[in-house]
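The values are calculated or read from the model by the stated rules, or taken from the named source; none is laboratory data. Keep in mind that this is a model prediction, so the values were computed, not measured. Every residue, glycine as well, gets a Cβ built from its backbone with ideal geometry; the counts of neighbours run over all protein chains shown. To get the accessible areas, we keep the full protein, side chains included, count just its heavy atoms, and leave off ligands, DNA and RNA. Shrake-Rupley method; radii C 1.70, N 1.55, O 1.52, S 1.80 Å.
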Amino acid sequence: MARRRPAEEDERTATLALWGAIAVGVVIRLAVARGQGFPSDVGTFMAWAERMAAIGPSGFYEPGYFSDYPPGFLYVLWALGALFDGEVLRFAVKAISIPFDIAIALLLAAAVAPLAGRAAAAFAGALWMLQPGPIFGGPYWGQVDAAGTLPLLAALLAAGRRRWILAGALAAVAAMVKPQFGVVAVPLAFAAAFELVRRAEVRPVAGFALGGLVAAALLAIPFRLGPAGFVDLLRAASETYPYTSLYAFNVWSIVADFWKPDQAYFGTGAVLLAAGIVGSIVPLWWRRDTAMLLATAAFAAMAFYFLPTRAHERYIFPAFALLVPFAATRSRMLVPYLVLAIAFFVSLYFAFTRYPQNGVVAPQWLEVTLFSRNGQIVIALVMLAATALIVWRLLRGEARLEPTLDVGSLAPAAPPRAQ
């Protein structure tokens, strides 16, 4: 038998490492999914699943029936409601983020491998599967942000390969899962527009628009949801909680604390968000490759979390997937990424313990230290500082996927020699 060459052995080891990390992540997720999670969120998803199974999509948005989600994720709940009932349905709802997490990990690994190698690809998949935020926010809490993050990530990667029709369709799917993913997809639309302005290429704009409109229509028509109905759905969702911060550790959590009426701050927050979104798309004027698309979409996600009022605690969720390729390949990105990821997990745990119905109480020592008012401000400042450093470094040259990180030692690697 021929002896395996070192390169083949390295590839095999990296592949085993990737699947090992995925397996460990799945086991952890299945274990935490057994808990009750956030009862009102899980109960709402179960009720929607049962309603979809009972009456289908055409009558779902009945006047007077509460639903603040667009149709995208309701198709997933429809399948769960048709297949399961009772406690099995509850577990399925809590665990439904797991297949999306696996797909995100594999997509991240596939995106990193061609430029940085299989070891970096395995590290990227492990970063996603083993960091605590997606585990806590997904199968432990019972939320489904991974379901919108997957098509958003896939849309950005498709646009990086100049597959604009597919990018538009996937961006529309992401927006139809949760509206905030539509905000994060704004850089994609501008990237297509800049292709028209800078290169006089019509195909990116036309393809992106065509793919988006067709996908949105296919998802919305069975629900009898037209453009006006979609706008009404978004407006109703945005007006449900008119407060400064819904446990998002952002600017307004420092200025005015959580869950305070936001009449005095709403306009300023809207202006800041608009400025943040505009700022996020500026780098696309010069570069529209995969790395810059990922970076600018991450900027938009972070702006949507840190700048407006009424932001929920998980609005920054997609940024952690979009930033993984940089954390896995660029030596100057890993530490601020990990700091932000850990602080995000702490913020989720804080938010979860604020609701008595969840039955989880933070230890007293944590309440009087990190979860005190001063501690909350410290958490917000840490998240803001880590985010600012990430943005600064990406803008200063780290928005690339060529490796500067030696995954084997987690130390800076020697720069490649000119060929």
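Run a plain Debye calculation on region 1-79 (Cα atoms as equal point scatterers, no solvent) and give log10 I(q)/I(0) at q = 0.20, 0.25 Å⁻¹, rounded to two decimals, same order as the q list.
-0.93, -1.12
To the nearest 500 deg cm²/dmol, what mean residue ellipticity at 222 nm is calculated for the chain from DSSP H runs of n ≥ 4 alone, each contributing -39,500 (n - 2.57), summed and divided by the residues?
On the way: 20 runs with 281 residues, N = 419.
-21500 deg cm²/dmol, from helical runs alone.
Kirkwood hydrodynamic radius, computed over distinct alpha-carbon pairs, for region 53-118: how many Å, to one decimal? Don't skip to the answer; put the middle values down first.
Details: mean 1/r = 0.0689 Å⁻¹.
Final number for the Kirkwood radius of region 53-118 is 14.5 Å.
Multiply the residue separation of ALA228 and THR240 by 0.36 nm, subtract the distance between their alpha-carbon atoms, and state the gained length in nm to one decimal. Spell out each step's value before the answer.
On the way: separation 12, 0.36 × 12 = 4.32 nm, distance 1.84 nm.
Once the chain is fully extended between ALA228 and THR240, it gains 2.5 nm.
Give me a comma-separated list of calculated 3J(HN,Hα) values for region 312-324, in order, Karplus coefficients 6.51, -1.76, 1.60 applied at θ = phi - 60°, integers in Hz, x for any Gly or Pro.
Karplus-based 3J(HN,Hα) across region 312-324 equals 7, 5, 10, 4, 7, 3, x, 4, 5, 6, 5, 8, 3 Hz.
If you average 1/r across every pair of different Cα atoms in region 77-154 and take the reciprocal, what Kirkwood value do you get, in Å?
Numbers: mean 1/r = 0.0749 Å⁻¹.
Taking every pair of different Cα atoms in region 77-154, averaging 1/r and inverting gives 13.4 Å.
Hey, any idea what % of region 1-111's accessible area is carbon plus sulfur with a 1.4 Å probe? Intermediate results must be reported in sequence, preceding the final value.
On the way: 3630 of 5650 Å².
Summing carbon and sulfur atoms, their accessible area is 64 percent of the total for region 1-111.
What does the charge count around GLY133 come to, taking other residues whose C-beta lies under 12 Å from its C-beta (Lys +1, Arg +1, Asp -1, Glu -1)? Write down the numbers at each step before the final one.
Values: positive: ARG314; negative: ASP101, ASP145, GLU313.
Result for the neighbourhood of GLY133: -2.
What percent does the relative contact order of the chain come to when contacts are Cα pairs within less than 8 Å and at least six residues apart?
On the way: 683 pairs, mean separation 70.2, N = 419.
Relative contact order comes out at 17 percent.
Can you give me the accessible area per residue for region 118-220, using a 1.4 Å probe, in Å²?
Details: 3490 Å² over 103 residues.
Ligands and nucleic acids excluded, the result is 34 Å² per residue.
Stokes-Einstein diffusion coefficient for the chain at 25 °C in a medium of 0.890 mPa s, Rh from the Kirkwood formula over Cα pairs: what value in µm²/s?
Numbers: Rh = 22.2 Å.
Calculated translational D: 110 µm²/s.
So for region 286-342, Kirkwood radius off the Cα pairs, Stokes-Einstein at 10 °C and 1.306 mPa s: how many µm² s⁻¹?
Values: Rh = 12.0 Å.
Calculated translational D: 133 µm²/s.
Report, in cubic angstrom per residue, the convex hull volume of the C-alpha atoms of region 341-405. Don't skip to the answer; put the middle values down first.
Working: hull volume 7.5 nm³, N = 65.
It comes to 115 Å³ per residue, whole-number rounded.
In Å and from the alpha-carbon atoms only, list the Rg and Dmax of region 213-266.
Radius of gyration, then largest Cα-Cα span, for region 213-266: 16.0, 44 Å.
Which net charge results for the neighbourhood of SER238, defined as the other residues with beta-carbon distances under 14 angstrom from its beta-carbon, given Lys and Arg at +1 and Asp and Glu at -1?
Values: positive: LYS178, ARG235, ARG310; negative: ASP68, ASP232, GLU239, ASP262.
With Lys, Arg at +1 and Asp, Glu at -1, the net is -1.
Could you sort 302-313, 373-384 so that the peptide with the highest average Cβ count within 10 Å comes first and the rest follow in order? Let's see the in-between values first.
Values: 302-313: 25.3, 373-384: 16.3.
With the highest mean Cβ count within 10 Å placed first, the list reads 302-313, 373-384.
Of PRO139, ALA343, ALA248, which is farthest on the positive side of the dipole of the chain, counting Cα position, with +1 on Lys and Arg Cβ, -1 on Asp and Glu Cβ, and the Cα centre as origin?
Selected residue: ALA343.
Just to be sure I understand the curve: with the Debye formula and one point per C-alpha of region 179-243, what is log10 I(q)/I(0) at q = 0.20, 0.25 Å⁻¹?
Scattering profile of region 179-243, log10 relative to I(0): -0.90, -1.07.
Could you give the radius of gyration (one decimal) and Dmax (whole number) of the Cα atoms in region 25-164, in Å?
16.8, 53
Grab the alpha carbons of region 226-331, take their convex hull, and tell me the volume per residue in Å³.
Numbers: hull volume 13.9 nm³, N = 106.
Convex hull of Cα atoms, per residue: 131 Å³.
Relative contact order, percent, of region 139-261 when contacts are C-alpha pairs under 8 Å separated by at least 6 residues?
Values: 140 pairs, mean separation 24.9, N = 123.
With pairs under 8 Å counted, the relative contact order is 20 percent.
May I have the convex hull volume per residue, in Å³, for the Cα set of region 191-280?
Enclosed volume per residue, from the Cα hull, is 137 Å³.
Based on a Kirkwood Rh over C-alpha pairs, give the Stokes-Einstein translational diffusion coefficient of region 267-406 at 4 °C and viscosity 1.567 mPa s in µm²/s.
Details: Rh = 16.1 Å.
It diffuses with D of about 80 µm²/s by this estimate.
Suppose every Lys and Arg Cβ carries +1 and every Asp and Glu Cβ carries -1, with no other charges. What dipole size does region 290-419 come out with about its Cα centre, to the nearest 20 debye? If you can, show how the numbers build up before the last one.
On the way: 10 positive and 5 negative charges, 46 e Å.
For region 290-419, the charge dipole is close to 220 debye.
Per-residue HN-Hα couplings for region 262-274, Karplus 6.51 cos²θ - 1.76 cosθ + 1.60 at θ = phi - 60°, whole Hz, x for Gly and Pro?
Calculated HN-Hα couplings, in order: 9, 3, 6, 10, 4, x, 4, x, 5, 5, 4, 5, 4 Hz.
For SER245, enumerate residues with amide H under 5 Å from its amide H, sequence gap 5+ or separate chain, H modeled in the peptide plane.
Long-range HN contacts for SER245: TRP259, LYS260, ARG310.
Quick one: what are the phi-derived ³J(HN,Hα) couplings along region 298-306, Karplus 6.51/-1.76/1.60 with θ = phi - 60°, whole Hz, x for glycine and proline?
Listing the rounded values in order: 5, 4, 4, 5, 5, 5, 5, 8, 8 Hz.
Thinking of region 131-190 as a set of Cα atoms, what percent of all their pairs are more than 15 Å apart? Please report the intermediate quantities before stating the final value.
On the way: 846 of 1770 pairs.
Of all Cα-Cα pairs in region 131-190, 48 percent lie more than 15 Å apart.
Using the Cα centre as the reference, give the magnitude of the dipole from point charges on the C-beta atoms of the chain (Lys, Arg: +1; Asp, Glu: -1; all else neutral), rounded to the nearest 20 debye. Don't jump to the answer; show the numbers that get you there.
Details: 32 positive and 24 negative charges, 218 e Å.
For the chain, the charge dipole is close to 1040 debye.
Could you please report the charge total around GLN36, scoring K, R as +1 and D, E as -1 over all other residues with beta-carbon less than 15 angstrom from its beta-carbon? Before the final figure, lay out the partial values.
Working: positive: ARG34, ARG90, LYS94; negative: ASP41, GLU87.
Every neighbour counted, the sum reads +1.
What distance in nm separates the simple spin-label points at ALA275 and ALA47, each placed 7 Å from Cα in the Cβ direction?
Rounded to a tenth, the inter-label distance reads 4.0 nm.
Mean 1/r over all different Cα pairs, inverted: what Kirkwood radius does region 142-250 give, in Å? Don't skip to the end; give the middle numbers.
Working: mean 1/r = 0.0673 Å⁻¹.
It is 14.9 Å.
Can you give the FRET efficiency to the nearest 0.05 for SER372 and ILE342, using r as the Cβ-Cβ distance and R₀ = 22 Å? If you can, show how the numbers build up before the last one.
On the way: r = 19 Å, r/R0 = 0.86.
Once rounded, the FRET efficiency stands at 0.70.
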